[in-house]
Amino acid sequence: MNTVFLIAALGLLVSTAIAMVRVVGGPTVLDRIVGVNVVGAQTTILLILIGYLFDNISMFLDIAIAYAMLNFILAIGVTKFFLRRKSARGGGGGEEH
């Protein structure tokens, strides 16, 4: 059973590397924010898998929950900040709210 979780963890690492392509080369700021949020969610799952593999799920689960909350709050804050700027919309003629 550990082999299945190890393969899942390796798959998550590959998927995180693919999501980093969006973070580095995203055409807009909002694409990059979504990419960072995806990487954060995958990191949370990866922490839980590592906890299971090392038979210390309670400690890693606490860290994963704290990391997920920080990731969520950061994504909301950064999105609100950039939505108020024109550069987040690609410089188009959108209306300001």
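Here, each number is a calculation from the coordinates, and none is a lab measurement. From a predicted model like this one, the values you see are computed outputs, not experimental measurements. Heads up, the Cβs are rebuilt from the backbone with ideal geometry, glycines too, and the neighbour counts pull from every protein chain shown.
What the table shows:
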quantity: Region 2-87, dipole about Cα centre (Lys/Arg Cβ +1, Asp/Glu Cβ -1), debye to the nearest 20; calculated: 640
quantity: Region 2-87 pair-distance distribution - Cα-Cα, 5 Å bins, rounded %; calculated: 3, 15, 20, 20, 17, 11, 7, 4, 2, 0
quantity: Label-point separation, residue 70 to residue 17 (7 Å along Cα→Cβ), nm; calculated: 2.5
quantity: Using a Förster distance of 25 Å, the FRET efficiency for residue 3-residue 61 (Cβ separation, nearest 0.05); calculated: 0.70
